[in-house]
Amino acid sequence: MGAHPMAARPLTGSAPAAAPERPAPRAAVSFLTVTEVAAIMRVSKMTVYRLVHGGELAAVRVGRSFRVPQPAVRDYLAGARTDVA
């Protein structure tokens, strides 16, 4: 039995594999506790929990508690702003 025809063929013109691209670094996100969010918004902690559970305020669950990204608080307050004539 003869050798496989592709096995005898030398590899020519093949470039070494390029290193995989790394994703661009992300900006650090600061997280706030529910108590801190309540103090910033001047509402009760229960109000913050209602906003989180209702999906109006984004949050991440860490164990049994929630952490709210600072940009989420800024976005919520910007969207809740009303102009008074």
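Just so it is clear, none of the values below were taken in a lab; they were calculated from the coordinates. Nothing here was measured: the structure is a model prediction, and the numbers come from that model. Positions of Cβ are backbone-derived with ideal geometry, glycine not excepted, and every protein chain shown enters the neighbour counts.
Positive contributions from Lys and Arg (+1) and negative ones from Asp and Glu (-1), summed over other residues with Cβ under 15 Å from the Cβ of Ala38, come out at +2. Label-to-label distance for Tyr49 and Ala27 is 3.2 nm, based on points extended 7 Å past Cα in the beta-carbon direction.
Given a cut-off of 17 Å, what percent of all Cα-Cα pairs of region 31-80 lie beyond it?
Across region 31-80, Cα pairs with separations above 17 Å total 18 percent.
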